[in-house]
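The values are calculated or read from the model by the stated rules, or taken from the named source; none is laboratory data. Worth saying up front: this structure is predicted, and the values here are computed from it rather than measured. Here the Cβ is made from the backbone with ideal geometry for all residues, glycine too, and neighbour counts use every protein chain on show.
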Amino acid sequence: MPEFLLANICAVTPDDTLQNAALWIKDGKIFRLLPDGELPPQAQQLPRTDGKGAFAVPGFIDLHIHGYAGHGPEQGTPEALWAMSEELAKHGVAAFCPTLYCGKPREMETLLKNLAPAFGKEKGARIIGFHLEGPFISPKKPGVMKPEDISPADLDAFKRLYEAADGKIAAMTLAPELPGIEAVITFCKEHGILPQAGHTNATYDEFLLGAARGVTHATHLFNAMSPFNQRAPGASGAVLMHPGISCEIIADGVHVHPDIVSFLRTVKPVENIVVVTDALLPTGQQSGPFIANGEEVVFEGGVWRGKADGVIAGSALTMARGLKNLLDFGYTLPQAARCTSSNAARLTGLTHRGRIEDGAEADITLLNKDFQPQAVFIGGEQI
């Protein structure tokens, strides 16, 4: 594994930006973060990669993404995930959770069995684990999920999904108000799976009961969940009013108004805000037809919409664009970097990723002055 110096960068740490910095990369990790002009003799002898003044942020981590550049888990092959991995790395993503749509449990089992062999063989962004967006969600908040695919909470069915995935499930979106869901939540907590509340019509009290059981993370806040009301705070209100509940946010400025994204950091610690793309498979695809979850979609008004009905079908966001949007919405660059990498790493137990600091994995994305990705290093190797 190469040992080298990534020099002439502006390093973005969790709390600061360090101009004229250098990163000493050794054994796939950040061995030292140093001022570029104060290098020890040993570092001066290393091969030098010129960062050309770029911002060095932790490699992006996307915990909720359905596909990219025409590749995604719905295609049901390891090759689709490998292609997705390589395409995402080109755009600064170091790790991701391929996200499965809600489906009938037996159909999801088959899909997971077919996809599981992809793990460990990807050449771009690392696959953290699957994110299952269902099937145990509320039929009253399906979003674009097909109502016929929604199932009652069933621990045995979930165990079969877990086995089909060879244990490689990282996150599970569920509705915390469903009868019987407590057993599924407990299984998630016992097996290192992040349970998150989404596609939920929970009342305020039902949501807080779910949080007490361990569901302290929310899927795409405000979207497909019971709204905030002065007499019925709902799921949205519970997330807003309880700082310890973390949440995904689709920071495209369409799914959630920019001023609300900005407001969020006034009521919640920045470390509990996680930018996700929730991007659909045709995002980044150069030509049509554009198909997502078996339906044709069109790009209109900054999002994907169903061609047949014009209803929002999903996001076309990238993580780099999400970071830039946060800056436009008033976040500082260190805050935006935490929301697009560090926070996701912490929630999924990636304790050595998502940070620009000594000892961290050398997952680094270089951004130009317009915050567009120029290069990505994953485990110290340039992709």
Ala183 surrounded by 18 or more Cβ atoms within 10 Å (Cβ to Cβ), in contact with a helix residue (DSSP H, G or I) (Cβ under 9 Å, 6 or more places away or on another chain) and either within 21 Å of Gly103 (Cβ to Cβ) or small (Gly, Ala, Ser) (or both): no
Which ranges mark the helices (runs of 4 or more DSSP H) fully within region 40-122 that have 2 or more residues being closer than 30 Å to Ala7 by Cα? 41-44, 78-89
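A quick yes/no check of all residues on (1) touching a residue at least 40 places away in the same chain (Cβ under 8 Å); (2) surrounded by fewer than 20 Cβ atoms within 10 Å (Cβ to Cβ); (3) touching a Cys at 6+ places or on another chain (Cβ under 6 Å):
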| position | (1), (2), (3) |
| --- | --- |
| Gly294 | yes, yes, no |
| Phe299 | no, yes, no |
| Gly306 | yes, yes, no |
| Gly314 | yes, no, no |
| Arg338 | yes, no, no |
| His352 | yes, yes, no |
| Ile356 | yes, no, no |
| Ala375 | yes, yes, no |
Inspect region 287-295 for any residue being in contact with a strand residue (DSSP E or B) (Cβ under 9 Å, 6 or more places away or on another chain), part of a loop (DSSP other than H, G, I, E, B) and of a type in the set (A, V, I, L, M) and give the result as yes or no. no
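Kindly indicate the residue of region 123-143 that is outside any loop (DSSP other than H, G, I, E, B) and not aliphatic (A, V, I, L, M) and also farthest from Gln75 (Cα to Cα) among those meeting that condition. Explain how you work it out, then say what you get.
Pass one, region 123-143, residues outside any loop (DSSP other than H, G, I, E, B): 126-127, 130-133.
Subsequent filtering for residues that are not aliphatic (A, V, I, L, M) retains 126, 130-131, 133.
Working: Arg126: 19, Phe130: 14, His131: 15, Glu133: 16 Å.
Per the stated criteria, the residue is Arg126.
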Out of Ala165, Ala170, Ala183, which single residue is touching a Cys at 6+ places or on another chain (Cβ under 6 Å) and modelled with pLDDT of 95 or more? Ala170
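Consider region 144-197. How many of its residues are in a helix (DSSP H, G or I) and within 30 Å of Arg305 (Cα to Cα)?
Looking only at that region, the number is 4.
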Do we have any residue at all in region 325-336 that's β-branched (Val, Ile, Thr), out of contact with any helix residue (DSSP H, G or I) (no Cβ under 6 Å at 6 or more places or on another chain), surrounded by fewer than 23 Cβ atoms within 10 Å (Cβ to Cβ) and not in a loop (DSSP other than H, G, I, E, B)? no
